[in-house]
Amino acid sequence: MITYDEILSAWQGKKIESLIDLDDALSDYRVFFAYHSNKIEDAGVSLHQTREIFENGKVVGYTGDLRALFETQNQKVCFEFLKEKIVLKEQLSSDLIKEIHEKLCHGCYDETRWAKGERPGEYKKNYYGVGLSVGVPPEDVEEEVRFICDELSDAKLNSSEDVLKAAAWFHCSFERIHAFADGNGRVGRTLLNYILLVNNLPPVIIFDEDKETYYMALEVFDHSDKIDGFVQFLKEQAIKTWTRTKPNDEVFIAI
């Protein structure tokens, strides 16, 4: 049984120092991440169609919702946008988060949100909450996001475990803020992996088939501020990300 520490060691052994190194390391990963991150939100684009968009810039014979195609293309655009920032280890900020949101949600806001003045790349102007504990008022978003960015910047990350805990805390905190009118999940999962990558940890895919466990781990944080369960979940997803075989016998990614 492969352990998280073995996955971590193999990743760090790649010594990613350039855009070429990063492209090589994430060639397949980027496709599977985009597919599962969108599928968690019920997008109807298949894995094969996602790969076609990433590798060929087009898809043939698609008859589903056009928004789902835009969301997949946006994942590709966002990945390209972030590559240099990852290599340069650019610090996460409120402005960068809004840029990431604009890339991921470009052309995807529905008419109802648009009529309310909501725009991709801008924090929400109206209240959109989930349950009783998720979603701060619009007037508090900027301050709350700046706070978690500052906390991340000031954190003493002396070990890989420190980084993983910080990334988990940031992701859970961001999802609780619910900063945007739409796209919070996709943005949050991208931010999670941005933090891991700039700190030389392997990125993870949160698999669609595991989304109930994912939501449960987020809910535990919402009610208790405890992240141990979420950190363990990320380790399990990391192992799955870098070793698994798809049910159709398509070998995923092996370090």
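Helical content of the chain, expressed as a calculated mean residue ellipticity at 222 nm, amounts to -19500 deg cm²/dmol (DSSP H runs of 4 or more residues, -39,500 (n - 2.57) each, divided by residue number, nearest 500). Taking each residue as 0.36 nm, the span from Ser93 to Asp208 lengthens on full extension beyond its C-alpha to C-alpha distance by 38.6 nm.
Just add up the charged neighbours of Leu8: K/R +1, D/E -1, any other residue whose Cβ is under 15 Å from the Cβ of Leu8. Kindly include the intermediate steps, with their values, before the conclusion.
Details: positive: Lys14, Lys15, Lys165, Lys235, Lys240; negative: Asp5, Glu6, Glu161, Asp162, Glu236.
Residues near Leu8 contribute 0 overall.
Between beta-carbons, use under 12 Å as the cut-off and find the net charge around Glu80, counting Lys and Arg +1, Asp and Glu -1.
Summing Lys/Arg as +1 and Asp/Glu as -1 gives +3.
Please give the net charge around Arg30, taking every other residue with its beta carbon less than 11 angstrom from that of Arg30, where Lys and Arg add +1 and Asp and Glu add -1. If you can, show how the numbers build up before the last one.
Values: positive: Arg51, Lys76, Lys83; negative: Asp23, Asp28, Glu55, Glu80.
That works out to -1.
Considering only Phe170, Tyr35, Asn56, and ranking their Cα positions along the charge dipole of the chain that arises from unit charges at the beta-carbon of Lys, Arg, Asp and Glu, the one farthest toward the positive end is Asn56.
Here Ala115 and Glu143 are evaluated by their C-beta separation; at R0 = 35 Å the FRET efficiency comes out at 0.85. From least to most packed, judged by other beta carbons within 10 angstrom and beginning with the fewest, His178, His106 follow the order His106, His178.
Inverting the pair-averaged 1/r between distinct Cα atoms of the chain gives 18.7 Å as its Kirkwood hydrodynamic radius.
Since every read-out is calculated from the coordinates, none of them should be taken as a lab result. Note that the coordinates shown come from a computational prediction; the quantities given were computed from them, not determined experimentally. Backbone-built Cβ (ideal geometry, glycine too); neighbour counts: all protein chains shown.
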